[in-house]
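Here the structure comes first, spelled out in structure tokens, and everything after it is commentary.
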Amino acid sequence: MKKYLAELIGTMSLVLFGCGAAVISGGNVDGGTAGLGLLGISLAFGLAVVAMAYTIGGISGCHINPAITIAMLVAGKINSKDVAGYIIAQFAGAVAGAGILYLIASGQGNFKMGEWALGSNGWGEGYLGNYNITAAFITEAVLTFLFLYVIFNVTSKHGNSNMAGLAIGVTLVLIHLVAIPITGTSVNPARSFGPAIFAGGKALSQLWLFVVAPIVGGVAAAIVWKLTGEDKDS
């Protein structure tokens, strides 16, 4: 249970810090304060992962992402009996994080939910850069592949365990810098699920892509790592 609670808290924190930065501080703030913008939001997601990696990494491995958990299962790096507990905890944590964000954001006088609210992921006309479904799927699958490939290698016996959390967080920052205009950046089904549950509408109807594409990318990374890396000496 300790591992599952850690995953719940870690995923809740990722959604609250990352999506919270986008919703509350991303644009210009009332009173004239300049918002975080693309770079600031990207850093919020990446730094949230760094903080959680060093907080709960020793307890659960800090997956806080079902795509990571499934990829770790394919790679043989997690016990199969833990997978369901991890994923349930991650989705529950994401819903908790989005719920807390909703309670905070709705306290502003002019708050409106609207389409793709609370930092929901999406694509198509009306969503950020208006990219189509093909671009969205490729973005999520390929960037999740690269994310997991980094994770597998920096956490292997050839990686620097003391720097693994930082390397993973920096990689997530880079991913957000590319993907935010396209999909808002998911690479994490739970991160997408939490806000979509509250936003409903298009965010909920498009949720399938942010479940399927990251899992496809993560499984592909696990297969490639097993074929080419997998803690081998050569």
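The values are calculated or read from the model by the stated rules, or taken from the named source; none is laboratory data. In this text, all values refer to a predicted model and were calculated from it rather than measured experimentally. Backbone-built Cβ (ideal geometry, glycine too); neighbour counts: all protein chains shown. Note: areas computed on protein heavy atoms with side chains; ligands, DNA, RNA excluded. Shrake-Rupley method; radii C 1.70, N 1.55, O 1.52, S 1.80 Å.
Given the criteria open to solvent by 10 Å² or more (accessible area, probe 1.4 Å) and closer than 19 Å to T69 by Cβ, does L207 qualify?
Criteria met by L207.
Is it the case, given these coordinates, that S120 is in contact with a Pro (Cβ under 7 Å, 6 or more places away or on another chain) and buried (at least 16 other Cβ atoms within 10 Å of the Cβ)?
It is true that S120 is in contact with a Pro (Cβ under 7 Å, 6 or more places away or on another chain) and buried (at least 16 other Cβ atoms within 10 Å of the Cβ).
Tell me which residues, restricted to region 9-20, are touching a residue at least 40 places away in the same chain (Cβ under 8 Å) and either buried (at least 24 other Cβ atoms within 10 Å of the Cβ) or under 12 Å from G119 (Cα atoms) (or both). Give the derivation first.
Taking region 9-20 and keeping what is touching a residue at least 40 places away in the same chain (Cβ under 8 Å), we get 9-16, 18-20.
Those that are touching a residue at least 40 places away in the same chain (Cβ under 8 Å) and either buried (at least 24 other Cβ atoms within 10 Å of the Cβ) or under 12 Å from G119 (Cα atoms) (or both): G10, T11, M12, L14, V15, L16, G18, C19, G20.
Give me a count of the residues in region 140-157 that are of a type in the set (V, I, T), closer than 28 Å to E125 by Cα and buried (at least 24 other Cβ atoms within 10 Å of the Cβ).
Our first condition is that a residue be of a type in the set (V, I, T); within region 140-157, this holds for 142, 144, 150-151, 154-155.
From the residues that got through so far, the ones that are closer than 28 Å to E125 by Cα too are 142, 144.
Still in the running and buried (at least 24 other Cβ atoms within 10 Å of the Cβ): 144.
Here the count works out to 1.
Among the residues of region 172-204, which ones are crowded, with 19+ Cβ neighbours inside 10 Å and assigned to a loop (DSSP other than H, G, I, E, B)?
G184, T185, S186, V187, N188
Tell me, please, whether a residue that is modelled with pLDDT of 95 or more, β-branched (V, I, T), surrounded by 15 or more Cβ atoms within 10 Å (Cβ to Cβ) and part of a loop (DSSP other than H, G, I, E, B) can be found in region 158-171.
no
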